[in-house]
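Read the structure below first, then the notes.
The values are calculated or read from the model by the stated rules, or taken from the named source; none is laboratory data. Just so it is clear, the model here is predicted, and its values are computed rather than measured. Because the Cβ atoms are built from the backbone with ideal geometry, glycine has one as well, and the counts that use them run over all protein chains shown. Side chains included, ligands, DNA and RNA excluded: accessible areas come from the protein's heavy atoms. Shrake-Rupley method; radii C 1.70, N 1.55, O 1.52, S 1.80 Å.
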Amino acid sequence: MTTGTRVLVLNAGSSSVKYQLIDMLDGAKLASGLVERIGEASGRLLHLPLTGEPRETVRRFGGHDVALEAVAGELAADLMGLDSPELAAIGHRVVHGGLRFTRPTLVTDAVLAEIRRLIPVAPLHNPANITGIEVARKLRPDLPQVAVFDTAFHATLPEHAARYAIDRRTADEHRVRRYGFHGTSHQYVSRATARLLGRDPAELNVIVLHLGNGASASAVAGGVCVETSMGLTPLEGLVMGTRSGDADPGLVFHLHRVGGMSIDEIDDLLNRRSGLLGLCGDNDMREVVRRAQEGEEDAKLAFDSYVHRIRRYLGGYYAVLGRVDAVAFTAGVGENSAEVRAAVCANLEELGISVDPELNAVRSPGARTVSPSYSRVAVAVVPTDEELEIARQAFALVHAV
């Protein structure tokens, strides 16, 4: 069992690495930062220590190994290097864990091989996550490396919610089912909402709306996820910044047969040229709202489509849960757009859902309720903290071993 109290959280993307060093005694973020444009001619490392001025380095980072070595150097300059005895573990965000990984997992060669086997169902994410793990293992081969999976919180979906209504043999052969994503955020926010309301998570039914450039919803009954909007991939569900969300599967055949588009072109369309961007040319909700308020019809259409899809899911999840105690807004749009929150909750008083205009307009970094005191359903704004959730899960695992 390790005696250290700190966890380094790594989120390795295809050309970036985000990191946070967290002291688990009090949850303090001792340092955080980002390396971006890895592999490009000019990369950037921004290091943010708890005390002192931010430090920025602009140079080429040829690969994730070079990037992580630079991160280790920045931490060492703050006397918190990877060789510190205070470091208990390194926690890694891994997007897809399939059916096998439903809880935080110590990384071994066999675990890494299984994560690699899941690349076909997460081709944009798992390869980068694997690279981050491999480099970290080389830098500290003696230190526990813990994988925390985006899909894990959604592994509790009942089979009737997780299955697509296609031939079961085909589905099983190709691992086709609804996995869900953003699970670390949904787990953190559902628990944080319970703390905000002074309730036990086991007695609370919460609808979590994770609204960022990627967006997803979940229905959480007594701390257990029973429905979520993303599916086999992060494309299903809500209208997002550049993703379409729900669309008739026949759309793919139509665009291929009638439009002459290749599968790769359709993939690019639905994932990178749709959503808010496809509807109005902007995927920044602040710009969409500004343009809509100025009377631009395409921006208004984008905003209304975004809100309409959320309301469809909100109503559906109300039916799934039977009783809703709270609706929690989180992530960049959910936490910062009073306009989106107001529009999503408009005219839902019969469901016990409403927002207080004055409370909703207040900007605050902390968790808060924006519903009237008499409201049957609490409407909350709860900042997500996926890194802290990953650190908690990693720390708990290594101290249980």
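Proximity of backbone amide H atoms, modeled 1.01 Å from N, is registered between SER371 and ASP356, VAL379 at under 5 Å, excluding neighbours fewer than 5 places apart on the same chain. Computed from backbone phi, the HN-Hα couplings of segment 266-276 come to 5, 4, 4, 4, 6, 8, 10, 10, 10, x, 4 Hz, rounded to whole numbers (Karplus: 6.51 cos²θ - 1.76 cosθ + 1.60, θ = phi - 60°; Gly and Pro given as x). When a 1.4 Å probe is rolled over the protein heavy atoms, the share of accessible surface on segment 136-211 that falls to carbon and sulfur comes to 50 percent. When the chain is described by a simple charge dipole with +1 on each Lys and Arg Cβ and -1 on each Asp and Glu Cβ, the residue from VAL382, SER371, VAL189 located farthest towards its positive end is VAL189.
Using the crude model of +1 on Lys and Arg Cβ and -1 on Asp and Glu Cβ, and no other charge, please compute the dipole size for the chain relative to its Cα centre, in debye to 20.
Approximately 600 debye in magnitude.
List the pair-distance distribution P(r) of the chain, using every Cα-Cα distance, as the percent of pairs falling in each 10 Å bin from 0 up to the bin containing the longest distance, rounded to whole percents. Values per bin, smallest distances first: 5, 21, 30, 28, 14, 2, 0. Derived scalar couplings between HN and Hα for segment 106-115 equal 5, 7, 10, 4, 5, 5, 4, 5, 6, 4 Hz in order, rounded to whole Hz, by the Karplus curve 6.51 cos²θ - 1.76 cosθ + 1.60 (θ = phi - 60°), x for Gly and Pro. The amide H of SER15, built 1.01 Å from its N in the peptide plane, has no neighbour under 5 Å, considering only residues 5 or more places off or on other chains. About its Cα centre, segment 24-102 has a charge dipole of approximately 360 debye under the convention of +1 per Lys or Arg Cβ and -1 per Asp or Glu Cβ, with nothing else charged. For the chain, the longest principal axis of the C-alpha atoms and the axis of helix 386-400 are separated by about 50°.
Relative to one another, the C-alpha centroids of segment 56-111 and segment 293-371 are positioned 36 Å apart.
With no solvent and one equal point scatterer per Cα, compute the Debye intensity ratio I(q)/I(0) for segment 114-160 at 0.15 Å⁻¹ and report its log10, rounded to two decimals. Each listed q corresponds, in turn, to -0.50. Charge tally around ALA299: other residues with Cβ under 9 Å, Lys/Arg +1 each, Asp/Glu -1 each, net -3.
Can you tell me the mean projection area, over all orientations, of the convex hull of segment 243-342's alpha carbons? Units nm², please.
Orientation-averaged projected area of the Cα hull: 7.8 nm².
For segment 268-310, the share of accessible area belonging to carbon and sulfur comes to 48 percent (1.4 Å probe, ligands and nucleic acids excluded). Note on the chain: GNM, Cα springs under 10 Å; of ASP172, ASP200, ASP246, the largest mean-square fluctuation is that of ASP172. Between segment 142-163 and segment 376-401, the C-alpha centres lie 14 angstrom from each other. In segment 172-284 the Cα-Cα distances spread across 5 Å bins starting at 0 as 2, 12, 18, 17, 17, 13, 9, 6, 3, 2, 1, 0 percent of all pairs. Backbone geometry of segment 17-34 corresponds, through the Karplus equation with coefficients 6.51, -1.76 and 1.60 at θ = phi - 60°, to 3J(HN,Hα) couplings of 9, 9, 8, 9, 9, 10, 8, 7, 5, 9, x, 5, 8, 6, 6, 8, x, 8 Hz, x marking Gly and Pro. Placing +1 on each Lys and Arg Cβ and -1 on each Asp and Glu Cβ, with no other charges, gives segment 244-382 a dipole about its Cα centre of roughly 400 debye. Surface exposure of segment 174-274, expressed per residue as accessible area with a 1.4 Å probe, stands at 39 Å².
Computed over the chain with a Gaussian network model linking Cα atoms closer than 10 Å, the most mobile of LEU276, LEU209, LEU99 is LEU99.
Taking only protein heavy atoms and a 1.4 Å probe, what accessible area per residue, in Å², does segment 6-87 have with all protein chains in place?
For segment 6-87, the solvent-accessible area averages 47 Å² per residue.
Projecting the Cα atoms of VAL206, LEU270, PRO158 onto the dipole axis of the chain, where Lys and Arg carry +1 and Asp and Glu carry -1 at the beta carbon, places PRO158 farthest toward the positive end.
Rounded to two decimals, the Cα radius of gyration of segment 331-390 over 2.2 N^0.38 Å is 1.15.
Compute the Kirkwood hydrodynamic radius of segment 286-357, taking the inverse of the mean of 1/r over all pairs of distinct Cα atoms, and give it in Å to one decimal. By the Kirkwood definition, the hydrodynamic radius is 13.1 Å. Over the chain, DSSP H runs of length four or greater, each weighted -39,500 (n - 2.57), average out per residue to a 222 nm ellipticity of -11500 deg cm²/dmol.
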